[in-house]
1. If the label point is 7 Å along Cα→Cβ of GLU749, which residues in region 707-728 have backbone nitrogen under 17 Å from it?
2. Taking the mean number of other Cβ atoms within 10 Å as a proxy for protection, how do you rank 183-194, 68-79, 586-597 from highest to lowest?
3. Can you tell me the length gained on complete extension of the stretch LEU364 to ASN632, counting 0.36 nm per residue apart and subtracting the Cα distance?
4. Can you pull the one-decimal nm distance between simple spin-label points at GLU783 and ASP808, each 7 Å off the Cα toward Cβ?
5. At a 10 angstrom cut-off on C-beta neighbours, averaged per residue, how do the peptides 22-28, 315-321 rank from highest to lowest?
6. Considering the options ILE471, ALA620, GLY328, tell which one lies farthest towards the positive end of the dipole of the chain, charges being +1 on Lys and Arg and -1 on Asp and Glu at the Cβ, about the Cα centre.
7. Restricting to Cα pairs below 8 Å that are 6+ residues apart, what does the relative contact order work out to for region 695-906? Please round to a whole percent.
8. Percent antiparallel among DSSP beta bridges with both residues in region 192-279, to the nearest 5?
Amino acid sequence: MDTMNPTVARLLNTNQPIRITDQVPAHLRQKWGSEGPYENLDLFQSFAKFVKQDPTARAIVDETTSYSYQDLYDKSLSLAGFLNDLGIKKGDVIAINLANSWQACAADLAVAALGAIALPYPVGRKHRETLLLLKQAQAKAIICEPFVGETDYEALLEGIRSDLPSLKHILIKGIPQHSNINLADTWTHTAYDFQPQNLHANEPVRIIASSGTESAPKLVLYSHNSLVGGQASYLKSLGAEVRSMRALFCVSLASPFGSLGTSCILAAFGGTLVTQNRFSPETTLTQISNNHVTHVFCGPNMVDMLLAAQQASSTTPECEALCGFISGGAPLSTQTAYSVKQIFGCSLIQSYGSADGIACHTGLNDDIDTTVETVGLPDPDVIDIKIVDENEQPLPHNTEGEILALGPMTPMCYYNAPELDAKYRTQNGWVRTGDKAMLDEQGRLKIMGRRNDTLLRNGIKINRVELEMLIREYPNVSEVAVVEYQKSNGSSLLSACVVPSPGYAAPNKDQINHFLLKDLGVERYKLIDNALSFANLPLAPSGKVDLKRLTSQAQLIPDEQQEISAKEILDLLMGVERAGVLRAAIELKVFDLLEAGETQTSGLAQAAQTDLRGMRILLAALAGLGLIEESNAQVYRLTKTAKRHLVSTSPYYVGGLSQVYTADLMWEAFKHFKDCVISGKSLLSQGLEADDHIYWQEFAQGIANTSRVTAKRMAEMIVPLVRHQPKISILDMACGNGIYGFTLTSQLENASLTSIDWPTTQPVWQKTAAQFGLSQRAEFIGENLFKTTPGAKKYDVIILSQILHHFDLKSCQQLIKLASDQLNAEGQIIVLDFMLSDQLSATEEAVPRLFGSQMLALTEDGECYPVNTIKKLLSEQGLQLRSAQQFKGLPVHYVLAQNTQSVLDKY
Ligand SMILES: C[S@@+](CC[C@H](N)C(=O)[O-])C[C@H]1O[C@@H](n2cnc3c(N)ncnc32)[C@H](O)[C@@H]1O
């Protein structure tokens, strides 16, 4: 909880029963019911109406299959029956965290049939966001994907379950790893006996989570009527016959924009929903033509990507049925609107809306200027709009003010957040959007500044809120505001203004960018140029973050201050102290002793058999490095990081790396690094590549825990490629402790392993063999790698892990040839190493670069090579490159290549 601001903390700690008060006056809801547009049907009933009319009509088409209205109806009621048997009842909140699929729509419909409330949210939320959403909504159950990218989402949920007393059931779209429910088991359950008379269309059915500018997501509560009656009217003008709409959603169906999918296209219109698991421009183009798509719902960036993909393809687009692209989330450019007309021959609709309760869009026949400059005419069947001044007094046309909105789509209230109702709703139910706009003479809405502004960097649009949310995922960051500012040369830059959690330092620019790029897989153009640390973000009189003030503060930073600071230089120069202190603490087992309960300086000195003054100074330094905390004078405890990574019994222990990175040899070598630079050579009397260097024994032990992680990733990739083979022979060249070869062998029943290294590494290798229980399936060859003569035995997989960097290019070439000569037809070589990519900036690649300096200091002519060089070496041997990438979250790259020649061709 230490990362939360007071509002969030208060929200999470409240155990008050949830009160739902429709903020819209009852007489208005009644009027919309009697005069339209409400039909007063609940969402499921409205959907069921179409099932009855034409059960065989296509409801959903995904990349491979289509599902009829009857199919979807049956599946929804089976799931509803299952949920009902679990005890889910009217008014309960069910979170849905699924990629776009028929299952996501069936889950929406099942929850609606029960009179429960669906809380869909897009996949990709991390720990903090998930906890906030589920806790604030007091969700009773969640239906989710097992994995999101590399995140084990089921494990993430299990990890926060103790903080979620309301969460009783987890349904996994796949085989659960814990004692949870497999969603597949629900689809054949006895159908729920749906009784429409038990539901009222003005009751709640869906929460739309809006990121907004709050520290926590806002949960906006919608009734059946406000979706099926109000929100659906929003799309009516976009097609002559809504029933024949075939709508392709590139955005997540769980996003506010995507909420139109189930409730409007299916339940209100009886149309067809075309889905894709994940947006890809190529798949979208294929789906448009194969499914005669009429409407594409996407963000402006996606439109640009579709245009680029179509331009790159040699075929003319097949899109006769296409009426338009509906682009929401950020403003459009004239160029985009123009290109859509040119290339796809259809309209681009600019849609403006927010989950808080506003939606407006341009028309199919609007000219390009109207499309780009306005967001169209507000439709009273959806929403009425007022432009008001600070005192909420209406302003005349062509005058800028804040947009207030009220109409049939207006949501009921914010869920479980009366303070948000007070802030964002007027007394008679109008939604305060916080966005600035004016109405022109024709009554068209012109947006002058959105609350969730779009940022422009080098001409590319970036959604501020999305970026802020991503940065907020960084550990121990409690608040973030991203602002755009101009440099003296006119270029625009992005600055992240970060408030760290109490007791933590704010991450710097490089740390944030590395996190965005490596952990979250964010596109490079969204990286920030600068990071500023704040104790609190300044607030404007409205109570919102004062972005203007932050922008001017960012503006004030002289360019040179964005470079490395003097303190950081000092930190660099004190690297010797840092490494020495940490190595001493590891060798004296200080972290293990603290874990065992020895917390006093004197006790620690005694247990570690050190001088009292020595221990006192060591502990003070460790506290300075943030590895331990002083709880009382001279009493210490481990920090979370140290507990996880520096206690030797932890499975995540990395202290062994001190034997590698702070080995005696390393001090010796770096003492004379200047001379290495001058001579271009290592000054050690014996380079690492020398016969049977003693360093390798220590290395093999020290690297073990870290190797396990990388080896597991490597095995995950190789196993599916070879497991079909009746027999698999693996060669681990320069095996060290042998973990890579053994990890792979252990996952393949029919595999045998040969490992080569200097004879001195054999004892460590034997230990690993015993740990894996694989001594019977493995042999060790103790000899010089370069002297191995390829015999009759050939291999299906050859591993070259962390070895090429020791040698010059010629030797690398020789080694790859040796490997390639021992490869079976169809066999694979995998090279793993520190490598330089051509995609990251120098500071983002500090580790491999520093590793390069290690090679200069320690080896005769070793080096850290670019990925492309390794690729070339493999290609030169006639091997076909299969893939090359950095393992996500690890500093190691791999390049995988395959022998496509038959053995006979080669000899
Ligand atoms: C950096 S370690 C890598 C070990 C292992 N592949 C891993 O990734 O953990 C390099 C290994 O190469 C071995 N080695 C270096 N030159 C060698 C040679 N000429 N013949 C045999 N082994 C060699 C060392 O003994 C050491 O175990």
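Bear in mind that the values in this text are calculations on the coordinates, not laboratory data. Computed from a predicted structure; not experimentally measured. Note that each Cβ is placed from the backbone with ideal geometry, even for glycine, and that neighbours are counted across all protein chains shown.
1. Residues 719-728 fall inside that zone.
2. Highest-to-lowest ranking by the protection proxy: 68-79, 586-597, 183-194.
3. Gain on stretching LEU364 to ASN632: 89.5 nm.
4. 2.5
5. Averaged packing, sorted descending, gives the order 22-28, 315-321.
6. Of the options given, the answer is ALA620.
7. Contact order relative to length: 17 percent.
8. Here the antiparallel bridges make up roughly 60 percent for region 192-279.
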